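Here's the structure, in structure tokens; my notes come after.
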Amino acid sequence: MNPRILLVEDEPSVRLTVTDLLAEEGYDVETASDGPSGLKRASEEAFDVVLLDIMLPGMNGLDVCRELRRLGKDVAVLMLTARGQLTDKVVGLKLGADDYLVKPFEPAELLARIEALLRRVRKSGLTPVKSFQFGDVEVDFDRGDVRKSGTQVPLAAKELELLRYLVNHRGNVVSREELLESVWEYQPGVSSRTLDVHVAWLRQKLEDNPQTPQYIHTVRGVGYRFAA
């Protein structure tokens, strides 16, 4: 399936030019010409990337981005604007935009930015979750709140980060190398043994039977897999 892109742009000429460019590259492109309709489509449909102009009628792009993140939509957002002030860029990124491109832009640069965002989405696997439930365990990752059978379970920061990474890649085998790189960022003194200990702690705290885990599985010689 080709990647789906939503272009939210009120200028007809820009909308037509960008749509043709992306279609020629094999992307499935949908469009919206104002903020409210763009927000509705982005929040109700599945897209890989949203190209979002800042100056939109009805609701500006910054507010659209803010609302998408408030709704828990983790779609990649690339802001497009004719304004190049640093403040616009900073505000957009703080509101949850993934990248920022000032108009007029070169077609090759737009395509490169989109491909970079798609690589990031593909690498992360499943859509990142803000909260998750498995068995009698409920996790609110944003608040750092973990409960088992309604009772709060204290997790250290790295334990929560490790659990979040495994959940975000649920169903897939994640290598030790990837976990050490992504969760610990190759910190000095951190080894594969450190990872194994943290996994053991998670099992002890969250699994009904840590010796026979139902959710956090070991894949011998490779790494770990969180049961989908």
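Readers should treat all values here as calculations from the given coordinates under stated rules, not as data from a laboratory. Everything numeric in this text was worked out from a predicted model, so none of it was measured. Cβ placement follows ideal geometry from the backbone for every residue including glycine, while neighbour counts extend to all protein chains displayed.
Taking region 141-193, which trypsin sites (Lys or Arg not before Pro) meet the DSSP loop condition and have no more than 15 other C-beta atoms within 10 Å?
Working: sites: Arg143, Arg147, Lys148, Lys158, Arg164, Arg170, Arg176, Arg193; in loops: Arg143, Arg170.
Sparse-neighbourhood loop trypsin sites (Lys or Arg not before Pro): Arg143.
Through the Karplus equation 6.51 cos²θ - 1.76 cosθ + 1.60, θ set to phi - 60°, convert the phi angles of region 68-80 into ³J(HN,Hα) values in whole Hz; use x for Gly and Pro.
Result, ordered by residue: 4, 5, 5, 7, x, 7, 9, 4, 5, 10, 10, 7, 10 Hz.
Let me check against my output: what whole-number percent is the relative contact order of the chain, with C-alpha pairs under 8 Å and at least 6 apart?
Details: 328 pairs, mean separation 27.0, N = 228.
Relative contact order here is 12 percent.
Rounding to the nearest 10 and keeping the result within 0 to 90°, find how far the Cα-based axis of helix 157-168 lies from the longest principal axis of the chain.
Taking the Cα atoms of the chain, the angle to 157-168 is about 60 degrees.
At most 13 other Cβ atoms within 10 Å plus a DSSP loop assignment makes a site exposed; report the longest stretch of the chain without any exposed GluC sites (Glu not before Pro).
Values: sites that count: Glu45, Glu185.
It runs 46-184.
Along the principal axes of its C-alpha atoms, what lengths does region 4-124 span, in descending order and rounded to whole Å?
Computed over the Cα atoms, the extents are 32, 30, 26 Å.
Among the DSSP beta bridges whose two residues both lie in the chain, what percent are antiparallel, rounded to the nearest 5?
Values: 17 of 35 bridges.
Percentage antiparallel, nearest 5: 50.
In deg cm²/dmol, rounded to 500, what helix-only [θ] at 222 nm does the chain give when every DSSP H run of at least 4 residues adds -39500 (n - 2.57) and the total is split over its residues? Provide the component values of the computation, followed by the final result.
Values: 8 runs with 94 residues, N = 228.
-12500 deg cm²/dmol, from helical runs alone.
Just want to confirm a number: the relative contact order over region 4-124, from Cα pairs under 8 angstrom separated by 6+ residues, in percent.
Details: 186 pairs, mean separation 27.2, N = 121.
Normalised by residue count, the contact order of region 4-124 is 22 percent.
Give me, ordered by chain and number, the residues 5 or more places off Asn60 or on other chains with an amide H under 5 Å from its own placed amide H.
Result for Asn60 returns nothing.
Against the longest principal axis of the chain, how steep is helix 107-124, in degrees 0 to 90 to the nearest 10, with axes from Cα atoms?
Approximately 20 degrees, to the nearest ten.
Looking at the chain, which longest stretch skips every one of the chymotrypsin sites (Phe, Trp or Tyr not before Pro) that is in a DSSP loop with at most 15 other Cβ atoms within 10 Å, leaving the sites themselves out? Each step should come with its number before you reach the end.
Values: sites that count: Phe105, Tyr186.
Free of exposed loop sites, the longest segment is 1-104.
Taking 30 Å as R0, compute the FRET efficiency from the Cβ-Cβ separation of Thr218 and Ala46 and round it to 0.05. Display every interim value, and only then the final one.
Numbers: r = 33 Å, r/R0 = 1.09.
That gives a FRET efficiency of 0.40.
So what is the orientation-averaged projected area of the chain, using the convex hull of its C-alpha atoms, in nm²?
Details: hull surface 58.6 nm².
The directionally averaged projection comes out at 14.6 nm².
When only Cα pairs under 8 Å and 6 or more residues apart are kept, what is the percent relative contact order across region 156-228?
With pairs under 8 Å counted, the relative contact order is 41 percent.
How much space per residue, in cubic angstrom, does the convex hull of the C-alpha atoms of region 131-226 take up?
Details: hull volume 9.0 nm³, N = 96.
So the per-residue Cα hull volume is 94 Å³.
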